[in-house]
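Scroll down for the structure; my scribbles are underneath it.
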Amino acid sequence: MTATVSGRRDRRRAALMGRAPQNTPGSGWSYLFLAVVIAFSAFPLYWMFVIATNTDEALAKIPPQVLPGGQLLTNLREVFSMQDVFFMQSLVNSVIVSSVVTASVLFFCSLAGFAFAKLRFKGRHALMVMVILTMTVPNQLGVVALYILMGKMPGEGGWNGTLLAVIVPGLVSAFGVFYMRQFILEAVPDELIEAARVDGATTMRIFWSVVVPAVRPAMAVLGLLTFVATWNEFQWPLITLGGTDYPTSMVALSDLASGNYVLYRRVLAGALIATLPLLVMLFIGGRQIVRGIMEGAVKS
């Protein structure tokens, strides 16, 4: 009985000190479960790598090939040398589109979130409701209207068939505005903003010097989500860039997978290269992303 009470007291003391208790019952099973989940989640990436590094003969074997081969460079050379699919330029286009859209979303959404959260102006609640309502409308419903609108933009034939048609509609997102508003409401005290105003800071100065440093973790999360979503966008780039020689990477992958006879080693070799920028982004912003998620969980 004394040992049980002492164990409970030690766990309570460890919790109060911010440390996890040692030898927690069931922790081994938790780690085992997490390892199994990670293995199942990572298996598609591994299988993609296996197929991208093998030949057609190896892929036709039964049982299937489960170890990487030595044909990765050969398959990549075929992908980049195809005359009807300009894969390298498609990757460059995806980098340009995703980078510009991500930078724009971070700036405009954080600025709008700051305005909705901390500035007092007439109709701000009604405008915020309208922003939230736009998230309930599926993107597919506006494709026809968006295509017509891009066709009426200045220039010969409008913006359809150019990267502007893919970049401009994504320069700001309703989800980004809502997400940054909710984070700024809790992360930036009103007293801090009032103190900056007393010191003579303008609204933009407050935004750059007070708000942006406080919401950097949330911006990292929003930036990663925006970059991944823009990079993986397929429907709208296919509609507006599908007939051009230089689409985005997702449209180029669909071109690799088209035809009567599909070489899956070639398709997945291209998919492997198209996945690398996403993994690099996750590696670079991993700490900020975890910090932003944890802070959001604590605040909620």
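The values are calculated or read from the model by the stated rules, or taken from the named source; none is laboratory data. Please read all numbers here as calculations on a predicted model, not as lab measurements. Cβ: placed from backbone, ideal geometry, glycine included. Neighbour counts: every protein chain shown. When the accessible area is computed, the model is the full protein with side chains, heavy atoms only, and any ligands, DNA or RNA have been set aside. Shrake-Rupley method; radii C 1.70, N 1.55, O 1.52, S 1.80 Å.
Using unit Cβ charges (K, R positive; D, E negative) and no other charged atoms, how large, in debye to the nearest 20, is the dipole of region 151-248 about its Cα centre?
Details: 5 positive and 8 negative charges, 17 e Å.
Dipole about the Cα centre, nearest 20: 80 debye.
Hey, if you put +1 on the Cβ of every Lys and Arg and -1 on every Asp and Glu Cβ in the chain, which of Ala201, Asn260, Ile284 ends up farthest toward the positive end of that dipole?
In the chain, that residue is Ala201.
Please list Trp231, Trp208 in order of solvent-accessible area, largest first, computed with a 1.4 Å probe with all protein chains present.
Details: Trp231 5, Trp208 135 Å².
I get Trp208, Trp231, largest accessible area first.
Where does the chain land on the Kirkwood hydrodynamic radius, alpha-carbon pairs, in angstrom?
Details: mean 1/r = 0.0430 Å⁻¹.
Computed over the chain, the radius equals 23.3 Å.
List the pair-distance distribution P(r) of region 183-253, using every Cα-Cα distance, as the percent of pairs falling in each 10 Å bin from 0 up to the bin containing the longest distance, rounded to whole percents.
Pair shares across the bins are 18, 29, 17, 18, 14, 3.
On the accessible surface of the chain, probed at 1.4 Å, how many percent belong to carbon and sulfur atoms? List each step's numbers first, then the result.
Numbers: 12310 of 18440 Å².
So the carbon and sulfur contribution to the accessible surface is 67 percent.
Run the dipole for the chain about the Cα centre, Lys and Arg Cβ at +1, Asp and Glu Cβ at -1, nothing else charged, and hand back the magnitude in debye, nearest 20. Can you show the working numbers first?
Details: 22 positive and 15 negative charges, 297 e Å.
So the dipole magnitude of the chain works out to roughly 1420 debye.
Can you work out the base-10 log of I(q)/I(0) for region 45-153 at q = 0.11, 0.12, 0.18 1/Å, using the Debye formula on its C-alpha atoms alone?
Each listed q maps to, in turn, -0.72, -0.78, -1.05.
Order of 44-51, 165-172, 33-40 by packing, highest average Cβ count within 10 Å first? Can you show the working numbers first?
Details: 44-51: 15.6, 165-172: 18.8, 33-40: 9.9.
Result, highest mean first: 165-172, 44-51, 33-40.
From Cα coordinates alone, what are the radius of gyration and Dmax values for region 237-277 in angstrom?
In order Rg, Dmax, the Cα atoms of region 237-277 give 10.6, 30 Å.
With a sphere of radius 15 Å drawn around the Cβ of Ala126, what net charge do the other residues whose Cβ falls strictly inside it have (Lys, Arg +1; Asp, Glu -1)? Show your work: numbers first, answer last.
Numbers: positive: Arg120, Lys122, Arg124, Arg181; negative: none.
Summing Lys/Arg as +1 and Asp/Glu as -1 gives +4.
Pop the C-beta distance of Asp190 and Lys152 into the FRET formula with R0 = 45 Å and round what comes out to the nearest 0.05. Could you put the intermediate results ahead of the total?
Details: r = 44 Å, r/R0 = 0.98.
That pair, Asp190 with Lys152, gives E of 0.55.
Over the chain, give the accessible area per residue in Å² for a 1.4 Å probe, as an integer.
Working: 18440 Å² over 300 residues.
Accessible area per residue: 61 Å².
Just how much of Asp245 is accessible, in Å², when a 1.4 Å probe is used and the result is rounded to the nearest 10?
Surface accessible to solvent at Asp245 totals approximately 90 Å².
How big is the equivalent ellipsoid of region 94-241 along its three axes, where each semi-axis is √(5λ) from the Cα gyration tensor, reported in whole Å from largest to smallest? Walk me through the intermediate numbers first.
On the way: eigenvalues 209, 52, 40 Å².
Values for region 94-241, descending: 32, 16, 14 Å.
For region 105-166, what value does the Rg/Rh ratio take when both radii are computed over Cα atoms and Rh is the Kirkwood radius, given to two decimals?
Working: Rg = 15.8 Å, Rh = 14.2 Å.
Taking Rg over the Kirkwood Rh, I get 1.11.
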